[in-house]
Amino acid sequence: MGGKGAKMKFYGGCQCGAVRYEVNSNPIIAYCCHCTDCQRQSSSAFGMSVWFPTHSFKLTSGILKTWKTNADSGNEKVCNHCADCGTRIHHGSLDEDDVLSVKGGSLDDICQITPIAHIWTRSAQPWILWFISDETCHETQPDSFDDLIARFQSD
Ligand SMILES: [Zn+2]
Ligand SMILES: [Zn+2]
């Protein structure tokens, strides 16, 4: 799924239901991240990142709170979560970034989106490696996402 076909619309929200959003765009890319930060932020085995153009994201209810941290790259990471229940909704700054990384589990219907890659598999939970194919694995962060984006868009 990607650039081909009709433009898609997605809905999502937080666990308590206060935050609701809609996204009027096809995803740019979707991948799973097995870094230890994503394990913590998702309180689970891995994080799922679904990039959308920032302008296509619209908060329709609730309040997002921001928490900032530094990524391993040294870049500041802007993390946005429901002010009430804390569910992480997206990473990125609505003012400054072109791309928002929406947390896959906050989408109502994630089944429409298949991740193209698994990154930071160096720190993946060992049992996960039984289920994912080697070709989709990247031990760390890919130098560039361009190639993966192109493949995701043409699938
Ligand atoms: Zn990560
Ligand atoms: Zn909430």
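Of the residues in the range 6-17, not one is touching a residue at least 40 places away in the same chain (Cβ under 8 Å), away from ligand 2 (no atom under 13 Å from the Cβ) and over 25 Å from residue 153 (Cβ atoms). Would you confirm whether or not the range 81-104 contains a residue that is in contact with a helix residue (DSSP H, G or I) (Cβ under 8 Å, 6 or more places away or on another chain), touching a residue at least 40 places away in the same chain (Cβ under 8 Å) and of a type in the set (S, T, N, Q)? Scanning the range 81-104 turns up at least one residue that is in contact with a helix residue (DSSP H, G or I) (Cβ under 8 Å, 6 or more places away or on another chain), touching a residue at least 40 places away in the same chain (Cβ under 8 Å) and of a type in the set (S, T, N, Q). Answer yes if at least one residue in the range 104-118 is at negative phi, at pLDDT 95 or above, exposed (fewer than 14 other Cβ atoms within 10 Å of the Cβ) and among the charged types (D, E, K, R), and no otherwise. Yes: the range 104-118 contains one or more residues that are at negative phi, at pLDDT 95 or above, exposed (fewer than 14 other Cβ atoms within 10 Å of the Cβ) and among the charged types (D, E, K, R). Scan the range 27-36 and tell me whether some residue there is modelled with pLDDT of 90 or more, among the polar types (S, T, N, Q), closer than 23 Å to residue 141 by Cβ and within 16 Å of ligand 1 (Cβ to nearest atom). Yes: one or more hits.
I need the strands (runs of 3 or more DSSP E) fully contained in the range 11-87, keeping only those with at least 3 residues that are surrounded by 14 or more Cβ atoms within 10 Å (Cβ to Cβ) and out of contact with any His (no Cβ under 9 Å at 6 or more places or on another chain).
Per the criteria, 20-23, 47-53.
In the range 90-97, is there at least one residue being hydrophobic (A, V, I, L, M, F, W, C), under 18 Å from residue 76 (Cα atoms) and assigned to a loop (DSSP other than H, G, I, E, B)? Within the range 90-97, one or more residues are hydrophobic (A, V, I, L, M, F, W, C), under 18 Å from residue 76 (Cα atoms) and assigned to a loop (DSSP other than H, G, I, E, B). If you go through the range 41-69 and keep only what is out of contact with any Gly (no Cβ under 9 Å at 6 or more places or on another chain) and within 13 Å of ligand 1 (Cβ to nearest atom), you end up with 45, 46, 69.
The values are calculated or read from the model by the stated rules, or taken from the named source; none is laboratory data. Quick caveat, the model's predicted, so the values are computed rather than measured. Reconstructed Cβ throughout: ideal geometry from the backbone, glycine too, with neighbour counts over all protein chains shown.
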